[in-house]
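See below for the structure under consideration.
The values are calculated or read from the model by the stated rules, or taken from the named source; none is laboratory data. Here the structure is a predicted model, which is why all the values come from computation and not from measurement. With ideal geometry, Cβ positions are generated from the backbone for all residues, glycine too; neighbour counts draw on all protein chains shown.
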């Protein structure tokens, strides 16, 4: 087996992966061939062992190599393409029982079927039996990829170690993510709010936007939000922000109760915001209860902006501006990222398009 001179100006790991990828495709390495040890390969390439391990792990996820105990790393016959994908739901998402999750699963199944990919849904338990099942399925190659409904930072190491690729709904700074907002759409939202005459904004979110944290955050949305608020000169005080981070604890299981209590706390302050931005539509029922209890008139006393998904229809009891994404677009991007990885293409972070709609129209 020949080796190549690595270009230090480019990714060492990507060059090693591409070398073996090309060798397998052009027949230089054949089905059943066993690769030398990572230590030996590192010596041949003149690089660290960790770089070799990472490069080979990429090809294992693509199905071009397989690792067998005591036998080493073996070239496969190339038929291990993306035939079956798992959709993973953590216990937190199941407890919340969102209509969004049901719709997402339906659309993922349809999108996978169009690409002739079967799927199975893995529902987790408090003891994380779902993760154990998923690990076993991936190691046995019964699934060749995973789509994660919601990826918190503490679970990222588990999915990164799986021998199959994954894509995830996440705002983490990882390449194989799909998030609801891009910096451009966040800027557009804040610009729209400012154009409506709002100067003071409160934010409620059932997810963690990490706006309380100072400095760099794992949340890729944080810099975009903070920059857009400064750019539009929108005042957002810490006491006007409630999310699943610093203000509300790590998990929000009852979104209605959370929204009701959070708004009541905001409305009892001596100085209140002129508008509320709610992420997402699962907060509407709680806000409705709070408005009724406190006698708040919308939009006379307060303007309301609600983020929702277009397919998840709601009947709202007050006028507001809707910021909408499409679940169908989310499903398409998650599946596309998974297919790209399985075919050897490097994934890029993706965000969804966002449109405005007045309610009632």
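Got at least one residue in the stretch 180-201 being under 26 Å from residue 56 (Cα atoms) and out of contact with any strand residue (DSSP E or B) (no Cβ under 9 Å at 6 or more places or on another chain)? Give the steps one after another, and end with the answer.
Initially, the stretch 180-201 is screened for residues under 26 Å from residue 56 (Cα atoms), giving none.
Within the stretch 180-201 (the criterion being under 26 Å from residue 56 (Cα atoms) and out of contact with any strand residue (DSSP E or B) (no Cβ under 9 Å at 6 or more places or on another chain)), the answer is no, since none of the residues qualifies.
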task: Might you let me know whether the stretch 330-345 holds any residue that is farther than 19 Å from residue 148 by Cβ and surrounded by 18 or more Cβ atoms within 10 Å (Cβ to Cβ)?
output: no
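Residues are listed down the side, and each one gets a yes or a no for (1) assigned by TED's automatic domain parsing to the domain that holds residue 339; (2) under 22 Å from residue 269 (Cβ atoms); (3) free of Cβ contacts under 8 Å to residues at least 40 places away in the same chain:
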site	(1), (2), (3)
153	yes, no, no
169	yes, no, no
187	no, no, no
201	no, yes, no
- line: If you go through 49, 40, the only one that is at pLDDT 90 or above, farther than 24 Å from residue 139 by Cα and not assigned by TED's automatic domain parsing to the domain that holds residue 343 is 40
query: Which of the residues belonging to the stretch 169-214 are modelled with pLDDT of 90 or more, in contact with a helix residue (DSSP H, G or I) (Cβ under 6 Å, 6 or more places away or on another chain), surrounded by 23 or more Cβ atoms within 10 Å (Cβ to Cβ) and over 18 Å from residue 276 (Cβ atoms)?
result: 176, 178
message: Scan the stretch 261-272 and tell me whether some residue there is in the same structural domain as residue 206 (by TED's automatic domain parsing) and within 26 Å of the chain's Cα centre (by Cα).
response: yes
- prompt: Which of the residues that make up the stretch 1-17 are surrounded by 15 or more Cβ atoms within 10 Å (Cβ to Cβ) and in contact with a helix residue (DSSP H, G or I) (Cβ under 6 Å, 6 or more places away or on another chain)?
  reply: 6, 12, 13, 16, 17
task: Go through 27, 63, 46 for me and flag whichever is on the phi > 0 side of the Ramachandran plot and surrounded by 14 or more Cβ atoms within 10 Å (Cβ to Cβ).
output: 63
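Return the residue satisfying two criteria in turn: it lies in the stretch 339-351 and is touching a residue at least 12 places away in the same chain (Cβ under 8 Å) and in a helix (DSSP H, G or I), and of such residues it is nearest to residue 138 (Cα to Cα).
Our first condition is that a residue be touching a residue at least 12 places away in the same chain (Cβ under 8 Å); within the stretch 339-351, this holds for 339, 341-344, 346-351.
Going one step further and asking which of them are in a helix (DSSP H, G or I), we end up with 339, 341-342.
Working: 339: 16, 341: 15, 342: 13 Å.
Within the stretch 339-351, the match that is nearest to residue 138 (Cα to Cα) is 342.
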task: Please go through the stretch 331-361 and pick out each residue that is in contact with a helix residue (DSSP H, G or I) (Cβ under 8 Å, 6 or more places away or on another chain) and within 30 Å of residue 320 (Cβ to Cβ).
output: 331, 332, 334, 350, 351, 352, 353, 354, 356
message: When you check residue 165 against the structure, is it surrounded by fewer than 19 Cβ atoms within 10 Å (Cβ to Cβ) and either in contact with a strand residue (DSSP E or B) (Cβ under 6 Å, 6 or more places away or on another chain) or assigned by TED's automatic domain parsing to the domain that holds residue 346 (or both), yes or no?
response: no
- prompt: Any idea how many residues of the stretch 224-255 are closer than 17 Å to residue 282 by Cβ and modelled with pLDDT of 90 or more?
  reply: 1
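Go over the candidates 158, 166, 100 one by one and state the one that is modelled with pLDDT under 95 and in contact with a helix residue (DSSP H, G or I) (Cβ under 8 Å, 6 or more places away or on another chain). Steps first, answer last, please.
Values: 158 fails: modelled with pLDDT under 95; 166 fails: modelled with pLDDT under 95.
Only one candidate passes the filter, namely 100.
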- prompt: Hey, does the stretch 18-26 have a residue that's assigned to a loop (DSSP other than H, G, I, E, B), under 30 Å from residue 313 (Cβ atoms) and out of contact with any helix residue (DSSP H, G or I) (no Cβ under 9 Å at 6 or more places or on another chain)?
  reply: no
query: Among 193, 174, which is in the same structural domain as residue 321 (by TED's automatic domain parsing) and at negative phi?
result: 193
statement: Exactly one of 92, 123 is more than 25 Å from residue 347 (Cα to Cα), under 24 Å from the mean Cα position of the chain (by Cα) and modelled with pLDDT of 90 or more, and that residue is 123
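Based on this model, can you work out whether residue 142 counts as modelled with pLDDT under 95 and closer than 22 Å to residue 66 by Cα? It would help to see each step written out before you state the result.
Details: modelled with pLDDT under 95: yes; closer than 22 Å to residue 66 by Cα: yes.
It is true that residue 142 is modelled with pLDDT under 95 and closer than 22 Å to residue 66 by Cα.
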query: Can residue 157 be described as over 26 Å from residue 343 (Cβ atoms), outside the structural domain of residue 225 (by TED's automatic domain parsing) and free of Cβ contacts under 8 Å to residues at least 40 places away in the same chain?
result: no
task: Could you run through the stretch 10-31 and say how many residues are over 16 Å from residue 62 (Cα atoms) and modelled with pLDDT under 85?
output: 2
